[in-house]
Amino acid sequence: MSESATEGAGVIEFDPRGKTGSFLVHAGDQSPCAVTVTRRGILNVASPPRATASRFLESIDVFRAIAREKLSKTDTVAPLEVTAEDVRRWRRLHGFAISNDKAGDILASSR
């Protein structure tokens, strides 16, 4: 059974067994794309590392930004996976150290 929350345009879900998260993301005028965040992706987003529903929800804006970047580099709207490597790459490109209390502020400061 998964935990879910409704936010904006869709449902955000966390699977406690697999410790993965999922949501829909819209990029421009494309159809919505299903995104899955791996357990290691959730672990790599903040310190201390925890793959929990609350950590996933705290960092949802970061995961959306990563997914939108990945979508912008492809012509198709296929299901995406956000991995630990994607999180590390995003952090390197944007020059941010993500912490559990700063995840929501990172996206705003990167604009």
- Task: Would you point out which residue out of 80, 71 is in contact with a Leu (Cβ under 8 Å, 6 or more places away or on another chain), more than 17 Å from residue 11 (Cα to Cα) and modelled with pLDDT of 75 or more?
- Result: 71
- Top-ranked residue of the range 33-85 - restricted to ones that are in contact with an Asp or Glu (Cβ under 7 Å, 6 or more places away or on another chain) and closer than 13 Å to residue 21 by Cα, ranked as least open to solvent (accessible area, probe 1.4 Å): 41
- Message: Would you confirm, using the coordinates I've provided, whether residue 91 is in contact with a helix residue (DSSP H, G or I) (Cβ under 7 Å, 6 or more places away or on another chain), at pLDDT below 95, open to solvent by less than 70 Å² (accessible area, probe 1.4 Å) and of a type outside the set (Gly, Ala, Ser)?
- Response: no
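The values are calculated or read from the model by the stated rules, or taken from the named source; none is laboratory data. Since we're looking at a predicted model, the values are computed, not measured. No Cβ is skipped: glycine too gets one built from the backbone with ideal geometry, and neighbour counts run over all protein chains shown. Note: accessible area is taken over every heavy atom of the protein model, side chains too, but ligands, DNA and RNA are not part of it. Shrake-Rupley method; radii C 1.70, N 1.55, O 1.52, S 1.80 Å.
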